[in-house]
1. So, in the stretch 1-54, exactly how many residues are touching a helix residue (DSSP H, G or I) at 6+ places or on another chain (Cβ under 7 Å), part of a loop (DSSP other than H, G, I, E, B) and among the hydrophobic types (A, V, I, L, M, F, W, C)?
2. Test Ser21 against the stated conditions and say whether it is within 23 Å of Lys315 (Cα to Cα) and either open to solvent by 90 Å² or more (accessible area, probe 1.4 Å) or modelled with pLDDT of 95 or more (or both).
3. Can you pull out every residue in the stretch 19-46 that is of a type in the set (D, E, K, R) and either farther than 24 Å from Glu171 by Cβ or in contact with a strand residue (DSSP E or B) (Cβ under 6 Å, 6 or more places away or on another chain) (or both)?
4. Filter the stretch 332-361 for residues that are modelled with pLDDT under 95 and outside any helix (DSSP H, G or I); which is farthest from His143 (Cα to Cα)?
5. Take the conditions of a type outside the set (Gly, Ala, Ser) and surrounded by fewer than 20 Cβ atoms within 10 Å (Cβ to Cβ) and apply them to Leu51. Does it pass?
6. Pick from Trp172, Trp214: which is in contact with a Ser or Thr (Cβ under 7 Å, 6 or more places away or on another chain) and crowded, with 16+ Cβ neighbours inside 10 Å?
7. Tell me which of these Lys204 doesn't satisfy, since it passes every other one: (1) open to solvent by less than 50 Å² (accessible area, probe 1.4 Å); (2) closer than 21 Å to Ile153 by Cβ.
8. Can you name every one of the strands (runs of 3 or more DSSP E) wholly within the stretch 248-294 that holds 3 or more residues which are at pLDDT 95 or above and open to solvent by 60 Å² or more (accessible area, probe 1.4 Å)?
Amino acid sequence: MGVLKIGIVGAGRMGRIRALSAKAHRSCAVTRVADPIADRASALASEVGALWTTEWSDLVAAGDVDAVVVATTHRYLPQISIAAIEAGKHVFCEKPLARQATESEDILEVLRKGQTGSLLSSTPKVVVGYTLRHHPAVQRAWHIAMSGEIGEILYLRGRYGHGGRAGYGDEWRTSPEESGGGQLLDQGVHLIDLSRSFLGNFTKAIGSTKCFHWAKGRSEVEDNAFMFLETAQEKVAFLHASWTQWKNIFSFEVFGELGCVIIEGLGGSYGTETLRIVKRRIAGGAPEVTECEFPSRQRNGLDEVWALEWDAFIKAFDSEDDLNQKEYLSAASVEDGHAVLATVDSIYRFAASEKSLASVT
């Protein structure tokens, strides 16, 4: 493949993480950085040895850019991704890919045109930044579940949340125009993506979205999302994403006929990443429990999970089948991102209807 020349659009926290991950990768070089705030663009460009601009369109058009990282607010993710694809660039787009499924469908349509040869000479690789896929406990739990070690998967539960920070209700995430939604489109989409990875596509999705605290009375976006999802095979996911989880939490439990796998923590403020493998005894009695800890590791000054995710992006170039292989949980495709957004749209529709307020008599 040679050296992949990377352009970073968005020089905030995520843009910097992706830039440092790419700079440290033996197959990559960061060549350009774009951000509308000149000081921010120039600072990150200086850190990674790249050129900078305040115009993302200049970066996308540059001849020394092979792949574009789109690390902006949700509002601009599809627009910039589409422009990059049409310019023949590969794309790493931060989650959730777009604000709603109609926008992600536009990305898919551009890729379909490329596959027919009517727009592009070849179809670029596009990956969505669903980072939780690449945590080692998640990878191991997924492999155990897919191998049949805990039997047929029946249902799962997931919780993901944090408590915000001073002024959180005034940040861009509480602007419907910039974000498209609140916690459901922030951390909730991670839970939905993981649930799909374990259970398959959902055919039913209902839920309730509430603003209990952040920007209450001033915002149309939710700080809590309660979800109930079901597949055609009647496998169920029960999920809760919260911005009022005052002590950060990540908990993901997958139950099969022969046992379960339970992931707790993601490192840092979420606690040590831990996997419990529970095997039930058919004759009854206490189950067999194995517990594994995955202490946070650093690579190139960042949590190793960011490097692992970038590795997965590069692996997407290895073969046409890489995003569909079964040995490990691979990087999320555009189709994955679109399916998550379709589920999100269904939850928002249900929450906005009278069904979310059905009375108990």
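The values are calculated or read from the model by the stated rules, or taken from the named source; none is laboratory data. Owing to the predicted nature of the structure, the values given are computational and were not obtained by experimental measurement. When we count neighbours, we look across all protein chains shown, and the Cβ atoms used for this are built from the backbone with ideal geometry, even at glycine. In case anyone asks, the SASA skips ligands and DNA or RNA and just uses the protein heavy atoms, side chains included. Shrake-Rupley method; radii C 1.70, N 1.55, O 1.52, S 1.80 Å.
1. The total comes to 1.
2. It is true that Ser21 is within 23 Å of Lys315 (Cα to Cα) and either open to solvent by 90 Å² or more (accessible area, probe 1.4 Å) or modelled with pLDDT of 95 or more (or both).
3. Correct list: Lys23, Arg26, Arg32.
4. Thr361
5. Judged against the criteria, Leu51 is a match.
6. Of Trp172, Trp214, the one residue that is in contact with a Ser or Thr (Cβ under 7 Å, 6 or more places away or on another chain) and crowded, with 16+ Cβ neighbours inside 10 Å is Trp214.
7. (1)
8. 288-294
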